[in-house]
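I have placed the structure first, in the form of structure tokens, so that the comments after it can refer back to it.
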Amino acid sequence: MATTFEWKIAQLERETDDGFVFTAHYTVNASNGVYTSGAYGSLGFERPDNLIPYSQLTEEQVVNWVKEKFGPEKVAEIEAALQSQINEQQHPTKAAGVPWA
């Protein structure tokens, strides 16, 4: 089964005077239809030369900002870590218990 990765924005922090978004809190959810894994983080931004009005921002746009700031290697690293967690759920390499239970 192929794993899909969904990047979402959970929260934005902004300056109230001009709407400059200085922090995005994001989630990444991975699923192969049976097993799931997720991650949460936050990322800060530098003030751009041209601000997009806060009311005109879209989630897709801010997700793109997060991915651009990370770069393709870090995005791939995050998704690979989530894939590893799903692989571990599918084929566990560790277990707990006692043999007489």
Report summary line: With all protein chains present, the chain has a carbon and sulfur share of its accessible area (1.4 Å probe) in percent of 50 percent
Report task. Quickly rank 83-90, 24-31 as a protection proxy: mean count of other C-beta atoms within 10 Å, highest first. Result -> 24-31, 83-90
Query raised in the report: What accessible area per residue, rounded to a whole number of Å², is obtained for the chain using a probe radius of 1.4 Å?
Result: 69 Å²
Query raised in the report: Lys8: which aspartates and glutamates have alpha carbons under 14 Å from its alpha carbon, excluding same-chain residues fewer than 8 sequence positions away?
Result: Glu59, Glu60, Glu79
Query raised in the report: For the chain, what does -39500 (n - 2.57) per DSSP helix run (n ≥ 4), summed and divided by total residues, give at 222 nm, in deg cm²/dmol to the nearest 500?
Result: -10000 deg cm²/dmol
Query raised in the report: Remind me, relative contact order of the chain in percent, using alpha carbon pairs under 8 angstrom and six or more residues apart?
Result: 25 percent
Query raised in the report: What is the P(r) of region 61-101, as percent of Cα-Cα pairs per 5 Å bin from 0?
Result: 5, 19, 15, 14, 12, 10, 8, 6, 4, 4, 2, 0
Query raised in the report: Any idea what angle helix 72-90 forms with the longest principal axis of the chain, computed on alpha-carbon atoms, 0 to 90 degrees, nearest 10?
Result: 30 degrees
Report summary line: Ranking Ser55, Ser42 from most to least accessible area with a 1.4 Å probe gives Ser55, Ser42
Report summary line: Cα extents of the chain per principal axis, largest first, Å, are 66, 26, 21
Report task. Using DSSP to define loop residues, name the GluC sites (Glu not before Pro) in region 1-74 whose beta-carbon has at most 11 other beta-carbon atoms within 10 Å. Result -> Glu46
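The values are calculated or read from the model by the stated rules, or taken from the named source; none is laboratory data. Small disclaimer: the values here were computed from a predicted structure and weren't measured. Cβ: placed from backbone, ideal geometry, glycine included. Neighbour counts: every protein chain shown. Only protein heavy atoms, including side chains, enter the accessible area calculation; ligands, DNA and RNA are left aside. Shrake-Rupley method; radii C 1.70, N 1.55, O 1.52, S 1.80 Å.
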